[in-house]
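Enquirer: Take this structure, written in C-alpha cells, and hold onto it; I'll ask about it next.
The values are calculated or read from the model by the stated rules, or taken from the named source; none is laboratory data. The model shown is predicted, which means the values in this text are computed figures rather than measured ones. Positions of Cβ are generated from backbone atoms using ideal geometry, with glycine treated the same way; all protein chains shown enter the neighbour counts. The accessibility values were calculated without ligands, DNA or RNA, using every heavy atom of the protein model including side chains. Shrake-Rupley method; radii C 1.70, N 1.55, O 1.52, S 1.80 Å.
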Amino acid sequence: MIGLMYKDMMLATLNGKSLLIILLIMLIPFITSGSTTMITTIPMIMTLLLTMTMFAYDNLNKWDRYAMVLPLTDGQVVASRYAVAYGLWLATTILGIVVSVISQSVSKTMETTIGNTIWGVVTSGLAIAVMLAIIIPLIYKFGAEKGRIIIMVIILLPTVIIQIIKPDVASLLEHRMDMDSISSILAPVALVAIALSFFVSVRIYEKKDHFS
Amino acid sequence: MANCAEVSKLCKRYGDFFLEDVSFAIPEGTVMGLIGENGAGKSTIIRLMLKPSYKDDGKVFLFGQHIGTSVPVAVKDDIGVVFDECYYPDTCNALQMAIIFSNIYTKWDNALFLRLLKRFDVPEKKKMKEMSRGNKMKLSIICAIAHRPRLLVLDEPTSGLDPLVRSAMLDLLQTFMEDERRSILFSSHITVDLERIADHITCIHNGKLRFSEQKDDLLNKYAIFKGTRQQFEQVGSEDFINIRYDRYGVEALCKNKEEAAKKYPQLTQDKVTIDDILSHSVGNKSYQESEIL
C-alpha cells in the first residue's frame, strides 16, 4: 500500500509544485489586503485539483488494469488513494491556516480576529473533506473525465445556494458561536461521510471491469 | 508433476463474444504458449485467471489452490504479469518504479532488478514517456521478474516489437526459466517466439479450445502434405484437419503423419511449424482460391 501511496504522491506533486507557486503568487495581494475569502478557498482548490490529477494520470496510463494484478486487495488500492487525498487535504488546510495567520499579521485592515479567521479556514476545510467524500466515489464510478464535470457542479452548487440565500458572512465571522456550531456539526458529518465514501468506493472498485 | 495454474470449463460472455468451456493446465517448470487469432479469447482467459470474479462460469486454480472470486494477496505475490501495453505512470522512471514495487511485493529483489536493467540496456532514469516501446516492454518484464514470482503471465508482450528486442525478451524469459519451479503462460500470435521457448501449446479459436498439447508432440505428430489436385482427389478429407487449394497445388495439415504417410505415399511430406498448425486450425477451412478470387 505504501508503494501505491508513493506513486500517488509522485503524480499529485507532479504539477503540485507549479500549482503551489502560482497560488502563492496569486495570494500575495490577498495576504496584504487581508481578504479571508480567497485564503479559505486555498485548501479547496489545491486538494480538489491534486486529487483530480491523481485520477487523471491513472486514467491516462490505464493504471487500474495493472493495479488489479498487484498483491493488494481492492480495499487497499482504494485506501491508498483516500490516504493520499486526505493527506493532501490536511496539508492544504494547514497551509490555509498558516497563510491566514500571516495575512492577519501583515494586513491592518482585517475586520475579524485571528481566531475567527482560523476557525473559518477549519470550517471550510471540513466542508471540503465532505466534498471529497462525495467526489471520490463518483470519480471511481464515472471516471476522471466525467468527474471534472461532477466537481464543477459540486463546487458551483454551494455558490449558487449561497447566492440564493445570501447569508451575511461578515456577521457570521463575528459570531464565533455560530462558526463553532457549524464546525461541531461538520466534524462528525465529515467523519461519517469519509467512512461511507470509502465503503462505497471499494464496492464500486470491486465491481468495475478495468478492461472494459 | 504439479500444476502451477489450471483453468477448468471457463466461460465468459462479452457482447457477441463467448468464451466457452476452456480448460487447460500449466505444469510446474514449463512454458505454456497460448495461441489464436486476434480476438480469439486469449486475453480474456488471462483476465479471468487474474480476476476470477469476471467469469460467468468455470474454475481457476493457482498453485493448486482453488480461486473463488478474487486471487488472494499471497498468491498474487507469486505472480508476475506483463500486458501488451505498459501501464506504468509515464512520468516515472525505472528506479521510481522499483521504489513502488519494492513497497508492494514482499520478495522484491532490487539487486536483481538493477542487474537486469544493465544486462538488457534499459535506462534507469529515463521517464516512461521518453522510452521506446521496446524498452518499456523490457522494463515491464524485468519488473515482473524482479519480485521472483513462480508464475509469469505474459499477454502478447512481443507484439509490435522488432526481432532484436523480441530476441532480448526471450533471452530474459529463458533466464527466468532457469529455476525449474517456475512457469510461464505466454500469450502471443507470434508463433516463432513460442516455438523457441514454449513446452506446451494451447490454441484458442473463436472462444473455444482447439487443442492443448506438448509442443514436441505437435511438431512430431503433425505434418503438412503437399500434392497436385489429381493426387488429392484420391484422399479422404477426414484424414486431414484442413485442405488448401491454390494455383500451384494442394496443401493439407494432418494430425497423424505416420498413418497419413503410409496411406498416401504419393503425397510429399513437409515439416510442420506452429504457424502452419495455427493457420490451418483456425484459418479458413478447406477452400479453393478460385472460389474466392
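Enquirer: Given (1) open to solvent by 40 Å² or more (accessible area, probe 1.4 Å); (2) under 30 Å from B:ASP270 (Cα atoms), identify the lone condition not met by B:HIS205.
Expert: Against the list (1) open to solvent by 40 Å² or more (accessible area, probe 1.4 Å); (2) under 30 Å from B:ASP270 (Cα atoms), B:HIS205 comes up short only on (1).
Enquirer: If B:MET1 meets every condition in (1) more than 13 Å from chain A (Cβ to nearest Cβ); (2) outside any strand (DSSP E or B); (3) open to solvent by less than 10 Å² (accessible area, probe 1.4 Å); (4) in contact with a Gly (Cβ under 9 Å, 6 or more places away or on another chain) apart from one, which number is that one?
Expert: (3)
Listed here are the residues, each with its yes/no results for (1) surrounded by fewer than 16 Cβ atoms within 10 Å (Cβ to Cβ); (2) more than 14 Å from every other protein chain (Cβ to nearest Cβ); (3) within 21 Å of the chain's Cα centre (by Cα).
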site: A:LEU60; (1), (2), (3): yes, no, no
site: A:VAL77; (1), (2), (3): no, no, yes
site: A:SER80; (1), (2), (3): no, no, yes
site: A:VAL99; (1), (2), (3): no, yes, yes
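Enquirer: Another question, then. Name the single residue that is nearest to the other protein chains (Cβ to nearest Cβ) among those in region B:69-88 being within 22 Å of the chain's Cα centre (by Cα) and among the hydrophobic types (A, V, I, L, M, F, W, C).
Expert: Of all residues in region B:69-88, those within 22 Å of the chain's Cα centre (by Cα) come to B:71, B:75-87.
Then keep just the ones that are among the hydrophobic types (A, V, I, L, M, F, W, C); that gives B:71, B:75, B:79, B:81-83, B:86.
Working: B:VAL71: 8, B:VAL75: 8, B:ILE79: 7, B:VAL81: 4, B:VAL82: 10, B:PHE83: 7, B:CYS86: 8 Å.
Per the criteria, the residue is B:VAL81.
Enquirer: Restricting to region A:186-203, count the residues that are surrounded by fewer than 18 Cβ atoms within 10 Å (Cβ to Cβ) and within 14 Å of another protein chain (Cβ to nearest Cβ).
Expert: 1
Enquirer: Now for a separate question. Given (1) open to solvent by 40 Å² or more (accessible area, probe 1.4 Å); (2) modelled with pLDDT of 85 or more; (3) not small (Gly, Ala, Ser), where does A:LEU95 come up short, assuming only one miss?
Expert: (2)
One line per residue, one yes/no per condition, for (1) at pLDDT 90 or above; (2) touching a Pro at 6+ places or on another chain (Cβ under 7 Å):
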position: B:MET1; (1), (2): no, yes
position: B:SER8; (1), (2): yes, no
position: B:CYS11; (1), (2): yes, no
position: B:SER53; (1), (2): no, no
position: B:HIS66; (1), (2): yes, no
position: B:VAL73; (1), (2): yes, yes
position: B:MET97; (1), (2): yes, no
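Enquirer: Can you name the residue in region B:42-67 that is within 13 Å of chain A (Cβ to nearest Cβ) and more than 21 Å from B:SER183 (Cα to Cα) and is also most open to solvent (accessible area, probe 1.4 Å) among such residues?
Expert: Ranking the candidates gives B:ASP56 first.
Enquirer: Which number in (1) more than 12 Å from every other protein chain (Cβ to nearest Cβ); (2) more than 22 Å from the chain's Cα centre (by Cα) marks the one condition that B:PRO157 misses?
Expert: The failed condition is (2).
To keep it simple, each residue is scored yes or no on (1) open to solvent by 10 Å² or more (accessible area, probe 1.4 Å); (2) among the basic types (Lys, Arg).
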{"site": "B:SER187", "(1), (2)": "no, no"}
{"site": "B:LYS221", "(1), (2)": "yes, yes"}
{"site": "B:PHE240", "(1), (2)": "yes, no"}
{"site": "B:TYR245", "(1), (2)": "yes, no"}
{"site": "B:ALA260", "(1), (2)": "no, no"}
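One line per residue, one yes/no per condition, for (1) in contact with a His (Cβ under 8 Å, 6 or more places away or on another chain); (2) not small (Gly, Ala, Ser):
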site: B:SER43; (1), (2): no, no
site: B:ASP56; (1), (2): no, yes
site: B:VAL60; (1), (2): yes, yes
site: B:PHE63; (1), (2): no, yes
site: B:THR69; (1), (2): no, yes
site: B:VAL75; (1), (2): no, yes
site: B:VAL81; (1), (2): no, yes
site: B:PRO89; (1), (2): no, yes
site: B:MET97; (1), (2): no, yes
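Enquirer: Which members of region B:22-74 meet the condition of being of a type in the set (A, V, I, L, M), in a helix (DSSP H, G or I) and closer than 25 Å to B:ALA198 by Cβ?
Expert: B:ILE45, B:ILE46, B:LEU48, B:MET49, B:LEU50
Enquirer: Please give the number of the condition B:SER8 fails out of (1) touching a Gly at 6+ places or on another chain (Cβ under 9 Å); (2) open to solvent by less than 50 Å² (accessible area, probe 1.4 Å); (3) within 30 Å of A:ASP58 (Cα to Cα).
Expert: Result: B:SER8 passes all but (3).
Enquirer: Pairs please, first residue from region B:80-91 and free of Cβ contacts under 8 Å to residues at least 40 places away in the same chain, second anywhere and assigned to a loop (DSSP other than H, G, I, E, B), Cβ atoms under 8 Å, 6+ apart in sequence or on different chains.
Expert: Here the result reads B:GLU85/A:LYS62; B:TYR87/A:LYS62, each pair linking region B:80-91 to a residue that is assigned to a loop (DSSP other than H, G, I, E, B).
Enquirer: Any residue in region A:43-53 that is within 14 Å of chain B (Cβ to nearest Cβ), modelled with pLDDT of 75 or more, part of a helix (DSSP H, G or I) and under 20 Å from A:ILE135 (Cα atoms)?
Expert: Within region A:43-53, one or more residues are within 14 Å of chain B (Cβ to nearest Cβ), modelled with pLDDT of 75 or more, part of a helix (DSSP H, G or I) and under 20 Å from A:ILE135 (Cα atoms).
Enquirer: Only residues that are farther than 14 Å from B:LYS262 by Cα and outside any loop (DSSP other than H, G, I, E, B): list them for region B:225-239, please.
Expert: B:LYS226, B:GLY227, B:ARG229, B:GLN230, B:GLN231, B:PHE232, B:GLU233, B:SER237, B:GLU238
Enquirer: Would you please name the residue that is nearest to the other protein chains (Cβ to nearest Cβ), looking only at residues in region B:89-110 that are part of a helix (DSSP H, G or I) and of a type in the set (Val, Ile, Thr)?
Expert: First, the residues of region B:89-110 that are part of a helix (DSSP H, G or I): B:94-102, B:110.
Those left that are additionally of a type in the set (Val, Ile, Thr): B:99-100.
Details: B:ILE99: 6, B:ILE100: 4 Å.
Going through the qualifying residues, I end up with B:ILE100.
Enquirer: Working only within region B:114-144, note down all residues that are surrounded by 15 or more Cβ atoms within 10 Å (Cβ to Cβ), more than 14 Å from chain A (Cβ to nearest Cβ) and not in a loop (DSSP other than H, G, I, E, B).
Expert: Within region B:114-144, B:LEU114, B:LEU116, B:LEU117, B:GLY134, B:ASN135, B:LYS138, B:ILE142 qualify.
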